[in-house]
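Encoded as structure tokens, the structure appears first; notes follow it.
The values are calculated or read from the model by the stated rules, or taken from the named source; none is laboratory data. Keep in mind that this is a model prediction, so the values were computed, not measured. So basically every Cβ, Gly included, is an ideal-geometry build from the backbone, and we count neighbours across all protein chains shown.
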């Protein structure tokens, strides 16, 4: 079972990112679940959401304490929250940062990737909404969901927001996918 934990701040679409991962996995023929962990947080407060993927039914219903993948939507959390709890050297880690400003992480994780999701979001949306953007790097580096299924999930999730929003989100996730280097 793959267990994905997403860290970000309230208002950044952390919960939506988890839902999109689960939807994409479903389109890829896998079992999936997504759920948030937050209380009365306000915009900007640290929050997390979770997704689980498997080839068989998922019976567990608890938070993710030992993630196989971490997505960090806001790199400022690295200095304020223990986003790495429960992780190990084999945990896939994707951080929204144009470069590695934390050299100690290179020795800690075998699968550590940085993506300029904020830059892509500002270019395409004109604001720092990285939840769909960073999923491109997640798809590329993890192989757990396909880019095509992410595009389908985006179209379904945002169908009531209009085609222009759908197109921008698909462009953003595709750009990050293509930008991701192994």
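Numbers below:
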{"item": "Qualifying residue in region 22-31 (condition: assigned to a loop (DSSP other than H, G, I, E, B), modelled with pLDDT of 95 or more, in contact with a helix residue (DSSP H, G or I) (Cβ under 7 Å, 6 or more places away or on another chain) and surrounded by 15 or more Cβ atoms within 10 Å (Cβ to Cβ))", "result": "yes"}
{"item": "Conditions (1) touching a helix residue (DSSP H, G or I) at 6+ places or on another chain (Cβ under 7 Å); (2) under 18 Å from residue 8 (Cα atoms); number of the one not met by residue 86", "result": "(1)"}
{"item": "Of the criteria (1) in contact with a strand residue (DSSP E or B) (Cβ under 9 Å, 6 or more places away or on another chain); (2) farther than 28 Å from residue 26 by Cβ; (3) part of a helix (DSSP H, G or I), which one residue 123 fails", "result": "(1)"}
{"item": "Any hit, region 130-149, residues being farther than 24 Å from residue 32 by Cβ, part of a loop (DSSP other than H, G, I, E, B) and at pLDDT below 95", "result": "no"}
{"item": "The lone exception for residue 118 - which of (1) more than 16 Å from the chain's Cα centre (by Cα); (2) farther than 25 Å from residue 65 by Cβ it fails", "result": "(1)"}
{"item": "Condition check for residue 157: buried (at least 16 other Cβ atoms within 10 Å of the Cβ), in contact with a helix residue (DSSP H, G or I) (Cβ under 7 Å, 6 or more places away or on another chain) and over 15 Å from residue 13 (Cβ atoms)", "result": "no"}
{"item": "For residue 149: the one exception among (1) within 22 Å of residue 74 (Cβ to Cβ); (2) buried (at least 18 other Cβ atoms within 10 Å of the Cβ)", "result": "(1)"}
{"item": "Residues satisfying the stated conditions in region 158-182, i.e. part of a helix (DSSP H, G or I) and more than 18 Å from residue 134 (Cβ to Cβ)", "result": "159, 160, 161, 163, 164, 167"}
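Yes/no matrix, rows are residues, columns are (1) under 21 Å from residue 147 (Cα atoms); (2) touching a residue at least 40 places away in the same chain (Cβ under 8 Å):
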site	(1), (2)
92	yes, yes
105	no, no
114	yes, no
117	yes, yes
121	yes, yes
129	yes, yes
132	yes, yes
